Amino acid sequence: MRLPTLPIIGSPARRDPQKVVRLAHRRVYILPSGQCMAFLVMLVVMVLWAINYINSLAFGLTFMVAAVMLNSLWVTHRNLLGLEITAARAEAVFAGQQARFPLRMVALDGQPRHGIGVRAHASGETVYGDVPASGGLLLPVPVAADSRGWLSLGAVHIHSVFPLGLFRTWSWISLDQRCLVYPRPAGDQPLPVSEARTDGTGGVASGRGVEDFEGLRGYVPGDSLRHIAWKAATRNETLPVKTFHGETRRELWLDWNAVRVEDPEARLSQLCHWLLQAETEGLDYGLRLPGLSLAPASGESHRRLCLEALAVFGRQPTEEHRHAA
Amino acid sequence: MLRSNRHPGEPLSIVAFSWLIPALTLSFLPHLRHVPWWLGLLFLVALTWRWRQRKQWRSPAWTLLALLTLLAGGGVALQYGTILGRDAGVALLVAMLSLKLLESQRVRDGVVLLMLGYFLVLSNLLYTQSMATVLYVFLSVYALVLAQIYLPPQHAALEGRRAMRLCARIVVQSIPVMVVLFLLFPRIPGPLWGLPRDAHDGLTGLSDRMTPGDIGQLSLSEAVAFRVRFHAEIPPPNKLYWRGPVLWRFDGRSWTMTPELRGERLNYDFRGRGTPYTVMLEPHGQRWLYALEMPGSIPEDTGITRTYQILRRRSVTEVIRYDMMSYTDYRTGPLAPSELRQGLQLPRDGNPRTRALAADLFAEHPQPEARIEAMLRMFRQEPFHYTLSPPVLGKESVDEFLFDTRQGFCEHYASAFVFLMRAAQVPARVVTGYQGGEFNEMGEYVMVRQSDAHAWAEVWLEERGWTRVDPTAAVAPERVERGLYAAVDEAASLPLLARRDNSWLRRLALRWDMVNNTWNEWFLSYGPSRQREFFNRLGFSNLGWQQLLMAMIVALLVLLGIYLLFHLIRANQRLVVDPLGRSYHRFCGKLARRGLIRLPHEGPLDFTRRAAARFPGQANEILEIGSLYANLRFGPPVAANDQQRLRHLVRNFRPHKEAG
């Protein structure tokens, strides 16, 4: 058997990010904690006491406590050893919010782990969790998303003081996972005027111009809240939505050039703000950026497409990713 | 960037508190016997108050805390007259614990509480060191370690039963390290500095003063004074006189020891063969050691006085073990002038009837031996009575005893006899110690109990030097031959173990004493000299503390190496032994032999989907294996039989390519 070098000091990993990390003893470090120092002082006092009173049992007690302290070292170290960590996809967030990278931890040896603390190198907040014997633990690791673009998880600090808090074991791992950060929605410019477009198909009312009332039908996601028949809703199990006849759909172009701000980031923020506004008002919207144009539409996938375009505008995703790591 | 430990600043969780309470209570409980009642009450009130308010605890205002601290400190000072010393120290510790409970809010406070708990456990060892105490200490340490697990708030979710099991494992696994430390830690002769005066209060045994009634009181105790293992034949009971303090001075009521000069040599002749033996002496808080009359050698670090008392430099406050050689047949040398003066000292007046009797004896018998014989004959023939409960004596104690009450215990007879001898011009003194002892056939040693405490006389004769005369033997010969139980009428009032009947209860008690003796011999008496002896026996002689320290470090490193090896082997084995991984691995192996190799990045679901396409005939099994494995590995906790099902499926899985 190959004996490992005793790990003493660990620092943020310089390794390439990996999809899956297994904590082997070569990358799990352990050192006494501050509490351990306090207990060492107590042990010295106890031993002096035992010598002074020539009390065999006091010696025994002191050595017992010392041995228990020493023995907790193995348990602490084993608490991290043999953990397999993978990062799941993180949900996109807006800049200024907190991205949460779900880390999945599995105990390969089928032994439960307790009080595992995880902290992304980039943020100060530690989250704790216990890994059950079977199955795994999903722990969302918060990272502050300050600017738009791709946010890499980067180095992650995993640590534990279980069981006695006398030793602190830790490991730095680097996981290949990133999160898309949309621009921060901001800006006070009013929504551009929408252009009317006749829509022969009728269908769901989603423009500003509301014409003749046609009837009621069930609610489907995406319907404007303003068209819900609230009075009728009290009598029905499903939400009734008013439909209108011969309605004209209005479409809105969110244009880079229409924003009257110089700073490109502020422009993107304003566009993002407009986009969300148009979304709540149930308008069809298109996006025009230099070198990119997305035709007016609505719905979840369209929204995501537009937001992604805003997020990565002017940035090379892969390059950005490498910088952050 | 390495952050320092963050949790000391974090709030103490309710869970942590609910584990601290039993641990601290366990550490405190034995002290109920030592601290004043109001401190016990303070602890109880603090604990209850804190527990009832645990959900939204706000520590009392600092003014209230300061006031309470002052009150408690003042109370202790008033109670004991000092705040130093053993009892006052323990009382202060209890007060500190109670007040700390009231202001504990953070994890850091929890650590302090734990430490106070450990010190309470430690200080209890000043009062008792029995084996039952050891069990209690183990229990207390266990509870404290358990509470320590729950201190950091992120450990609060840990299941109680699991924590208890883990804690038991840690404690049991640390025993080898503890043994190495206990044996090898260099023992320095203590104490390092002055001990408080009350450090070893509460020890029983003979004192340097004898007043009628003292020894009778002592003989009601069944506590063992010392145990003796003879390395040759055990001398007959009438030779088993264990010499203790020699009392010269009489003030009309009490006999006291005079400060003794150290003798230059053992100035007497030994006759016959010596008796070698080893004594395990229980702490009695005095400087003298007990030895069979007369000691022919003395243990190291001790000296012998002109009255043949073995004295140690400091009091015996711990169990000590020493080897002795005694000669029961001896002749001491000539009488020094100071000895003659001291040996005839009497108060100027008092006890006229006894003095008159002595004058008669002196006139009647020119030979001192004849005077002694006449006196003993009087004890034998006249109605003297040996009893544990003699009548109380007045001012002329010797007169009243010899002529009126005639009922007494050994100290009455020894005192009266020595008084009479001195009045009759025979140099004499009182010797106290123990007489007899009981053979414990199970451990093959002699137990000498407090109930064997005895007082006898020594007279100086021209030809023989100092000669032992036991007047009690004249009154009650069975006392010397068969012990106290056979000699007194009030036998039933004696403690069980001082009796010599043969009930099963007594046999059980003997066995228990044997266990205690082993405990004393191997554990409690393990000090600097015993440590040296232990290493001599192993073949390392004259180890200094530096070598011991080195040996300890080396042994610890070896032990740690063994632990590390086991730790790593187990950590590695576990990865391979993981049953779930093994099943899946086996499944992949079967497919690989059929030419379908799992790609490194392929998860179980992707891989089984691909495999199902390759082996459509067994698609159902393959997909089930994939989903079972993925669920077991990554999903929420599931029933145990899912794992069995997976194993079963994999075992019976035979991939064969379907034609078409």
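Quick notes on this structure:
- Verdict on residue A:146 being among the acidic types (Asp, Glu) and part of a strand (DSSP E or B): no
- Given (1) crowded, with 19+ Cβ neighbours inside 10 Å; (2) closer than 28 Å to residue B:148 by Cβ, index of the condition residue A:41 fails: (1)
- Matching residues, the stretch A:160-193, being more than 30 Å from residue B:152 (Cβ to Cβ) and either outside any strand (DSSP E or B) or within 13 Å of chain B (Cβ to nearest Cβ) (or both): A:176, A:183, A:184, A:185, A:186, A:187, A:188, A:189, A:190, A:191, A:192, A:193
- Summed over the stretch B:515-531, residues that are more than 14 Å from every other protein chain (Cβ to nearest Cβ) and surrounded by 18 or more Cβ atoms within 10 Å (Cβ to Cβ) total 1.
- Selection of first residues in the stretch A:257-269 that are touching a residue at least 12 places away in the same chain (Cβ under 8 Å) and of second residues that are among the charged types (D, E, K, R), restricted to Cβ pairs under 7 Å at least 6 apart or on distinct chains, gives the following pairs, ordered by first then second residue: A:259/A:267; A:261/A:267; A:268/A:148; A:269/A:184.
- Residue B:19 surrounded by 15 or more Cβ atoms within 10 Å (Cβ to Cβ), part of a loop (DSSP other than H, G, I, E, B) and among the hydrophobic types (A, V, I, L, M, F, W, C): no
- Looking across the stretch B:238-253, just one residue is in contact with a Gly (Cβ under 7 Å, 6 or more places away or on another chain) and surrounded by fewer than 17 Cβ atoms within 10 Å (Cβ to Cβ), and that is B:252.
- Scan of the stretch B:115-166 for residues that are within 7 Å of chain A (Cβ to nearest Cβ) and more than 28 Å from the chain's Cα centre (by Cα), ordered by number: B:149, B:151, B:152, B:154, B:155, B:157, B:158, B:166
- Of all residues in the stretch B:410-446, those that are crowded, with 22+ Cβ neighbours inside 10 Å and in a helix (DSSP H, G or I) total 12.
- If you go through the stretch B:310-365 and keep only what is out of contact with any Pro (no Cβ under 7 Å at 6 or more places or on another chain), more than 24 Å from residue B:249 (Cα to Cα) and buried (at least 17 other Cβ atoms within 10 Å of the Cβ), you end up with B:320, B:321, B:327, B:330.
- Any hit, the stretch B:62-71, residues being within 19 Å of residue B:37 (Cα to Cα), surrounded by fewer than 19 Cβ atoms within 10 Å (Cβ to Cβ), touching a residue at least 24 places away in the same chain (Cβ under 8 Å) and among the hydroxyl-bearing types (Ser, Thr, Tyr): yes
- Filter result (in a helix (DSSP H, G or I) and modelled with pLDDT under 80) within the stretch A:10-36: A:25, A:26
- Condition check for residue B:84: within 27 Å of the chain's Cα centre (by Cα), surrounded by fewer than 18 Cβ atoms within 10 Å (Cβ to Cβ) and farther than 30 Å from residue B:518 by Cβ: yes
- Residue selected from the stretch A:47-70 under the condition within 19 Å of residue B:318 (Cβ to Cβ) and more than 7 Å from chain B (Cβ to nearest Cβ), by the criterion surrounded by the most Cβ atoms within 10 Å (Cβ to Cβ): A:62
The values are calculated or read from the model by the stated rules, or taken from the named source; none is laboratory data. None of the values given here were measured: they were computed from a predicted structure. With ideal geometry, Cβ positions are generated from the backbone for all residues, glycine too; neighbour counts draw on all protein chains shown.
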